[in-house]
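For reference, the structure is listed below as structure tokens.
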Amino acid sequence: MKNIPLAWFITGTDTEIGKTFVACALLHALRRSGARAVAMKPIAAGCDEHGINDDVERLLAASSFAPPRQLVNPYAFRAAIAPHIAAAEEGRQIELPAIATAFAELRSLADVVLVEGVGGFCVPLDATTDTADLAALLDLPLILVVGMRLGCINHALLTAQAIAARGLPLAGWVANRIDPAMSRFSENLAALRSRLPAPLLGVVEHGTTPAEAGLSLRLPQAPGH
């Protein structure tokens, strides 16, 4: 535990590329290491009539304990659309300080907190802010989930550049095989390993469970180790 930072921000090269799956896999890995670990998804778009979001439920199930839901998911919107549109349609405003307050409380309850972003790194949250602003406010090292499919090299490198432009550290990246039939997977993986300015934390094979995937992932080291 001494080499594990208190929190990471999990972002992705796009939407639907496995951020929640990788977060759950890392939670399993953290729990096996003896950490009291929990994840939060500050903004979730796509909820049922009771305000339940499937990704939030998966994160809660994989966490070491069940904190108050409002800390795990401060903002839940009905429509599965871009959050700034969903918030506007419901007449609500996404307040980053409220998310920071929930995060701070979770951090006081756990050894490690994983914060899952929404969509890619620069998804708008309102007219002037985006998820990159949220990552910057929380000031956490980032883990980048790369959905391994055609075009992933460009998406990953652009995301890494955006992270660097915000002055945030990229702690590592995970290759998630969302397309099991991807042509030249090994060559694409090698290209990413040589170009991304952070270590590969592991490859998630298609069809595995989060618990199984957690066995193949390593956690980023704390700065200075």
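The figures follow:
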| item | result |
| --- | --- |
| Structure-based [θ]222 nm, the chain - -39500 (n - 2.57) summed over DSSP H runs of at least 4, per residue, nearest 500 | -11000 deg cm²/dmol |
| Correct option for percent of Cα pairs over 31 Å apart [calculated from the coordinates] among (1) 15; (2) 12; (3) 22 | (1) |
| Expected-Rg normalisation [2.2 N^0.38 Å, Cα atoms] applied to the range 155-206 | 1.19 |
| Share, in percent, of DSSP beta bridges within the range 22-158 that are antiparallel, nearest 5 | 10 percent |
| Peptides ranked, highest mean first, by Cβ atoms within 10 Å: ranges 72-79, 170-177, 158-165 | 170-177, 72-79, 158-165 |
| Extension gain, ARG78 back to ASP48 (0.36 nm per residue minus Cα-Cα distance, nm) | 10.2 nm |
| Extension reserve of the ALA190-ARG32 stretch, reckoned as 0.36 nm per residue once the Cα distance is removed | 54.0 nm |
| Residues with amide H under 5 Å from that of ILE10, placed H, sequence gap 5 or more | VAL115, GLU116, GLY117, ILE143 |
| Distance between modelled label sites at SER108 and LEU150, nm, 7 Å Cα→Cβ extension | 5.2 nm |
| Value of relative contact order over the range 70-225, rounded to a whole percent, pairs C-alpha under 8 Å and six or more apart | 16 percent |
| Dipole magnitude (debye, nearest 20) for the chain, charges at Cβ of Lys, Arg, Asp, Glu | 860 debye |
| Accessible carbon and sulfur surface of the range 128-225 relative to its total accessible area, %, 1.4 Å | 54 percent |
| Probe 1.4 Å, protein heavy atoms only - accessible area per residue of the range 101-187 in square angstrom | 40 Å² |
| Carbon and sulfur %, accessible surface of the range 1-86 computed with the full protein complex present, 1.4 Å | 49 percent |
| For peptides 45-54, 127-136, 8-17, sequence by mean Cβ density within 10 Å, most packed first | 8-17, 127-136, 45-54 |
| Global form of the range 85-173, assessed from the alpha-carbon gyration tensor, a/c cut-off 1.5 | oblate |
| Additional length obtainable on full extension of the chain from ARG166 to ALA127, 0.36 nm per residue less Cα span | 12.2 nm |
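The values are calculated or read from the model by the stated rules, or taken from the named source; none is laboratory data. Predicted model, so just to flag it, every value in this text is computed and none were measured. Because the Cβ atoms are built from the backbone with ideal geometry, glycine has one as well, and the counts that use them run over all protein chains shown. With ligands, DNA and RNA removed, areas are computed over all heavy atoms of the protein, side chains included. Shrake-Rupley method; radii C 1.70, N 1.55, O 1.52, S 1.80 Å.
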